[in-house]
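**Student:** My questions all concern the structure below.
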Amino acid sequence: MVVENYRGIKVITGAGIVFLFACLLSSIILLLHEPSIDICVFIIVSTLVSLLGIMDDYLGDNNAKGIKGHINTILRGEMSTGAIKAILGIFTGLIVSIIYYDRIFEIIINTSIFALCINFFNLLDLRPGRTIKTFIMFIVLFLFFNNSDFIWMFYPMLGVLSVYIFGEMREVYMLGDSGANLIGGIMGLFIIRSMTTNWKIIILSFLIIIHLFAEFNSISACIKKNPILRFIDNIGRIRS
């Protein structure tokens, strides 16, 4: 489970699996204390999206890039691990949406947000700390505009981050799909459970724009050209 990062340095990938253990341990304790459908869904989502990420970290190839690349692979009658992950991610989002909503419009919006959230955080996992910083910024923004009862979903990951972050910033290991998937899946679940429809439409529009941009442009190149984004991106990085 070793890959070359953006600088050609060999790093351990898939280290984000540690977040799954924290999520499962904390949620099982909560479930034993006060059973609820939300905790059960949290456990299922955490496990499924992490396992999909592990599959891509361990078996994945880089032959198909982007949404367009995976669609072309499917149209050719082939099936990459990325395409399998995308299909199962959409299916997981669909099941979660059906559990909480019964209107077709809401199910479509929530399923789309869930699937795109997973891929969005995967797109960011190309530089040390980028996915984690974005994750934290999203939490701060969401709490600023919406004081949610579902903030507990983030506690396990925030707890592990206080220890995990040092190795990633030193380029010893990286989240990999197993970690980025989990962050995206939990973020998607949080949005589904805590946001109003109007906010969801805004968030979905943002995710669609980012994905369309990423299909034809490099997010890393865009960040490098912007002084503010470049400064934030470089915060805490300790090159070995």
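**Student:** Could you state the accessible area per residue of the range 138-229 in Å², with a 1.4 Å probe and every protein chain left in place?
**Tutor:** Numbers: 4490 Å² over 92 residues.
Per-residue accessible area for the range 138-229 comes out at 49 Å².
**Student:** Still on this structure: By how many nm would the segment from Leu143 to Ile95 grow when fully extended, if each residue of separation counts as 0.36 nm and the alpha-carbon distance is taken off?
**Tutor:** Values: separation 48, 0.36 × 48 = 17.28 nm, distance 2.59 nm.
14.7 nm is the gain from fully extending Leu143 to Ile95.
**Student:** So for the chain, what percent of the C-alpha to C-alpha distances run longer than 24 Å? Walk me through the numbers on the way to the answer.
**Tutor:** On the way: 12769 of 28680 pairs.
When all Cα pairs of the chain are counted, 45 percent exceed 24 Å.
**Student:** Between Asn198 and Tyr58, take the C-beta separation as r, use R0 = 30 Å, and let me know the FRET efficiency to the nearest 0.05. Show your work: numbers first, answer last.
**Tutor:** On the way: r = 40 Å, r/R0 = 1.34.
Calculated value: 0.15.
**Student:** Here is a further query. Near Lys133, which aspartates and glutamates are there with a Cα under 15 Å away, not counting those fewer than 8 places off in the same chain?
**Tutor:** Asp125, Glu168, Asp233
**Student:** Test of understanding: extend the Cα→C-beta vector of Glu34 to 7 Å, then name every residue of the range 139-160 with backbone N under 18 Å from that spot.
**Tutor:** 147-156
**Student:** Right, another one. Who wins for biggest fluctuation among Leu143, Leu204, Leu182 in a Gaussian network model of the chain, springs between alpha carbons below 10 Å?
**Tutor:** Between Leu143, Leu204, Leu182, it is Leu143 that shows the largest mean-square fluctuation.
**Student:** Can you pull the percent of the range 139-216's accessible area that's carbon plus sulfur, 1.4 Å probe, other chains left in place? Walk me through the intermediate numbers first.
**Tutor:** Details: 2510 of 3490 Å².
Answer for the range 139-216 is 72 percent, counting heavy atoms of protein chains only.
**Student:** Among the listed pairs Lys200/Lys224; Lys10/Lys200; Lys10/Lys85, which are separated by more than 27 Å between their Cα atoms?
**Tutor:** Values: Lys200/Lys224 29 Å; Lys10/Lys200 39 Å; Lys10/Lys85 25 Å.
With Cα atoms farther than 27 Å apart: Lys200/Lys224; Lys10/Lys200.
**Student:** Quick one: Karplus J couplings for the range 93-101, per residue in order, coefficients 6.51, -1.76, 1.60, θ = phi - 60°, nearest Hz, x for Gly and Pro?
**Tutor:** x, 5, 4, 4, 5, 5, 4, 9, 9
**Student:** Would you kindly derive the ³J(HN,Hα) couplings of the range 118-127 from the backbone phi angles with the Karplus curve 6.51 cos²θ - 1.76 cosθ + 1.60 (θ = phi - 60°), listing them in order in whole Hz, with x for Gly and Pro?
**Tutor:** 4, 5, 4, 6, 5, 4, 7, 7, 10, 9
**Student:** Over the chain, what is the mean sequence separation of C-alpha contacts under 8 Å (at least six apart), divided by residue count, expressed as relative contact order in percent? If you can, show how the numbers build up before the last one.
**Tutor:** Details: 291 pairs, mean separation 73.5, N = 240.
Once normalised by length, the contact order is 31 percent.
The values are calculated or read from the model by the stated rules, or taken from the named source; none is laboratory data. Here the structure is a predicted model, which means the values were calculated and not measured. Don't worry about glycine lacking a Cβ; one is built from the backbone with ideal geometry, like all the others, and counts go over all protein chains shown. Only protein heavy atoms, including side chains, enter the accessible area calculation; ligands, DNA and RNA are left aside. Shrake-Rupley method; radii C 1.70, N 1.55, O 1.52, S 1.80 Å.
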